[in-house]
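> I have a structure here, written as structure tokens, and I will follow up with some questions on it.
The values are calculated or read from the model by the stated rules, or taken from the named source; none is laboratory data. No experiment lies behind these values; they were computed from the predicted model shown. For neighbour counting, all protein chains shown are included, and Cβ atoms are generated from backbone atoms with ideal geometry for every residue, glycine included. Areas reflect the complete protein model, heavy atoms only, side chains present, ligands, DNA and RNA absent. Shrake-Rupley method; radii C 1.70, N 1.55, O 1.52, S 1.80 Å.
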Amino acid sequence: MNIGDILQRCIGFILTALCWGFTNPFIKRGSMGIEKIKRGNWVMQTLAETWFLFTNWKYVVPLAINLSGSAVYYYTLSSADITIAVPITNSLALVFTILGGMLVGERPPTRTELIGMSCIVLGVALCVTS
């Protein structure tokens, strides 16, 4: 395995985590207002909510970016070990979710949450390097 392969995998992991994590707060924000939709039965309720979401660019754009992260992930998995790919992408996605949340005005993480995130990232780094 050469340095180019390792770099390609690392970029794939980071890009996947960015797509998955950073878009979560934007998807949440884009779906605001869905709770106001009320219909008489579950079929009409489901159709109205689906229409609301998929005609709202503030929901659709982050969702499309999020889903493109899955395409990058599966491409990266074609050359990476899944036992390494899963913890790396999921721990980084957590970090990017918090950063994205702060960008849209959600509260910053508490000291305890920062310590927890650091432990997760450190633990994954230890697992990957061993």
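> From Pro109, Pro87, which residue is surrounded by 12 or more Cβ atoms within 10 Å (Cβ to Cβ), touching a helix residue (DSSP H, G or I) at 6+ places or on another chain (Cβ under 8 Å) and closer than 24 Å to Asp5 by Cβ? Lay out the reasoning, then the answer.
On the way: Pro109 fails: closer than 24 Å to Asp5 by Cβ.
Every option except Pro87 fails the conditions.
> Let me ask you something else. Given the structure, is Ala48 open to solvent by less than 30 Å² (accessible area, probe 1.4 Å), modelled with pLDDT under 90 and not acidic (Asp, Glu)?
Taking the combined requirement at face value, the residue does not satisfy it.
> Determine which single condition Pro62 fails, assuming it passes every other condition in (1) crowded, with 16+ Cβ neighbours inside 10 Å; (2) closer than 29 Å to Thr129 by Cα.
(2)
> Restrict the check to region 70-83 and report whether at least one residue is farther than 29 Å from Asn2 by Cα and at pLDDT 90 or above. It would help to see each step written out before you state the result.
Step one: of region 70-83, the residues farther than 29 Å from Asn2 by Cα are none.
No, because not a single residue in region 70-83 is farther than 29 Å from Asn2 by Cα and at pLDDT 90 or above.
> Please find, among Cys10, Cys19, the residue that is closer than 14 Å to Ile65 by Cα, out of contact with any Lys or Arg (no Cβ under 6 Å at 6 or more places or on another chain) and either open to solvent by 30 Å² or more (accessible area, probe 1.4 Å) or not polar (S, T, N, Q) (or both).
Details: Cys10 fails: closer than 14 Å to Ile65 by Cα.
Going through Cys10, Cys19 in turn, just one is closer than 14 Å to Ile65 by Cα, out of contact with any Lys or Arg (no Cβ under 6 Å at 6 or more places or on another chain) and either open to solvent by 30 Å² or more (accessible area, probe 1.4 Å) or not polar (S, T, N, Q) (or both): Cys19.
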